[in-house]
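Structure, as structure tokens:
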Amino acid sequence: MTDYIVRAAAADYQIRAFAATTKGVAETARKAHNTSPVATAALGRLLTAGAMMGSMMKGADDVLTLKIKGSGPLGGITVTADSSADVKGYVNNPMVLIHAKPNGKLDVSGAVGKGELTVIRDIGMKEPYVGQTALVSGEIAEDLTYYYAVSEQTPSSVALGVLMDKDTNTVRQAGGFIIQLMPDASEEVISALEKRLGEITSVTALLESGMTPEDILKSLLGDMGLQILDRMPARFHCNCSKERVRKAVVSVGRKELENMIAEGKPIEVNCHFCNTNYEFAVEELREILTECDH
Ligand SMILES: [Zn+2]
């Protein structure tokens, strides 16, 4: 996998910028969840945003969660990421099939519908930081741009894209960028950036033409004093394990466990994030019951 995020600044730190290539992230998610093309695009876009937004956090244990709840057939999308750009996620209804838009593009907004976007940052404080805004289009990038403006008062431009290979139904390109204006940004910098952003085609078209995340940032900010700060790998990664799932089974309580044992059949527990199934034999359930204190 060659997925990574580039972090950069421009115009003497009046602008900060992130750009990512995430084909591997989106394709790993597609395979894990067996998602339809439109579900792959929606999930891949939110995973790409999650990886970049995760990389903005500082602590090794910080966790970012992005949740989209929509009235459309996808039902919802959940993504979590950490500060090293490990990201995982799922859609509620992975098999959704929906007509493409008249221009041939996958209808992500139609699959998402109307609803809300919630951003939760757990950075080790007593309470996590939670922000929520209404979806403005359901295309995800625009929804995050709106979220940043309204909930965090940070003018931002978010672009996200997933391009499917129509023959194989696998992910051909995925990536995105987030460009943010710092509070001290001058009118000059703002209008120069707006002009550049207005000229850009889709991010997947840029990746498809062979451009790297660095190239994309150069094309946007190259004449504005772009400084590439670092480059960080991104990957779809779930930290579930049988041991972690076992703790969840312990927490269901004595009565429920006794019922499961009485059924006399193994149980299967599914990790929503990576779709891995963990099986617990009746014998294991009996053992878990002895650890149960409620
Ligand atoms: Zn998992």
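The values are calculated or read from the model by the stated rules, or taken from the named source; none is laboratory data. Everything numeric in this text was worked out from a predicted model, so none of it was measured. Cβ atoms come from the backbone with ideal geometry, glycine included; neighbour counts cover every protein chain shown.
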Which of the residues belonging to segment 235-294 are assigned to a loop (DSSP other than H, G, I, E, B), of a type in the set (Ser, Thr, Tyr) and either more than 28 Å from Gly89 (Cα to Cα) or within 16 Å of the ligand (Cβ to nearest atom) (or both)?
Ser241, Thr276, Thr290
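Please work out if Ile216 is at negative phi, in a strand (DSSP E or B), of a type in the set (Val, Ile, Thr) and away from the ligand (no atom under 16 Å from the Cβ). Walk me through it before giving the result.
Working: at negative phi: yes; in a strand (DSSP E or B): no; of a type in the set (Val, Ile, Thr): yes; away from the ligand (no atom under 16 Å from the Cβ): yes.
Taking the combined requirement at face value, the residue does not satisfy it.
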Which one is surrounded by the most Cβ atoms within 10 Å (Cβ to Cβ) among residues in segment 170-208 that are among the polar types (S, T, N, Q) and over 17 Å from Gly24 (Cα atoms)?
Gln180
Of the conditions (1) part of a strand (DSSP E or B); (2) of a type outside the set (A, V, I, L, M); (3) at pLDDT below 95, the single one that Asp167 does not satisfy is (1)
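Go through segment 135-164 and count every residue that is part of a helix (DSSP H, G or I) and touching a residue at least 60 places away in the same chain (Cβ under 8 Å). Give the derivation first.
First, pick out the residues of segment 135-164 that are part of a helix (DSSP H, G or I): 141-151.
Narrowing the set further to residues that are touching a residue at least 60 places away in the same chain (Cβ under 8 Å) leaves 141, 143-144.
Residues meeting the conditions: 3.
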If we keep only residues of segment 241-265 that are charged (D, E, K, R), farther than 23 Å from Thr78 by Cβ and touching a residue at least 24 places away in the same chain (Cβ under 8 Å), then the residue surrounded by the fewest Cβ atoms within 10 Å (Cβ to Cβ) is Arg254
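Residues being farther than 26 Å from Ala41 by Cβ and either within 16 Å of the ligand (Cβ to nearest atom) or small (Gly, Ala, Ser) (or both): count how many of those fall in segment 219-234.
Initially, segment 219-234 is screened for residues farther than 26 Å from Ala41 by Cβ, giving 221-230.
Subsequent filtering for residues that are either within 16 Å of the ligand (Cβ to nearest atom) or small (Gly, Ala, Ser) (or both) retains 222, 225.
Qualifying residue count, segment 219-234: 2.
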Return the pairs, sorted by first residue and then second, in which the second residue is near the ligand (Cβ under 9 Å from one of its atoms) and part of a loop (DSSP other than H, G, I, E, B), the first residue lies in segment 266-294 and is within 29 Å of Val87 (Cβ to Cβ), the beta carbons are less than 6 Å apart, and the residues are 6+ apart or on different chains.
Cys271/Cys240; Phe273/Cys238; Cys274/Cys238
Inside segment 70-132, counting only strands (runs of 3 or more DSSP E) that do not spill past its ends, which hold 1 or more residues that are more than 18 Å from Arg30 (Cα to Cα) and either small (Gly, Ala, Ser) or more than 16 Å from the ligand (Cβ to nearest atom) (or both)?
115-122
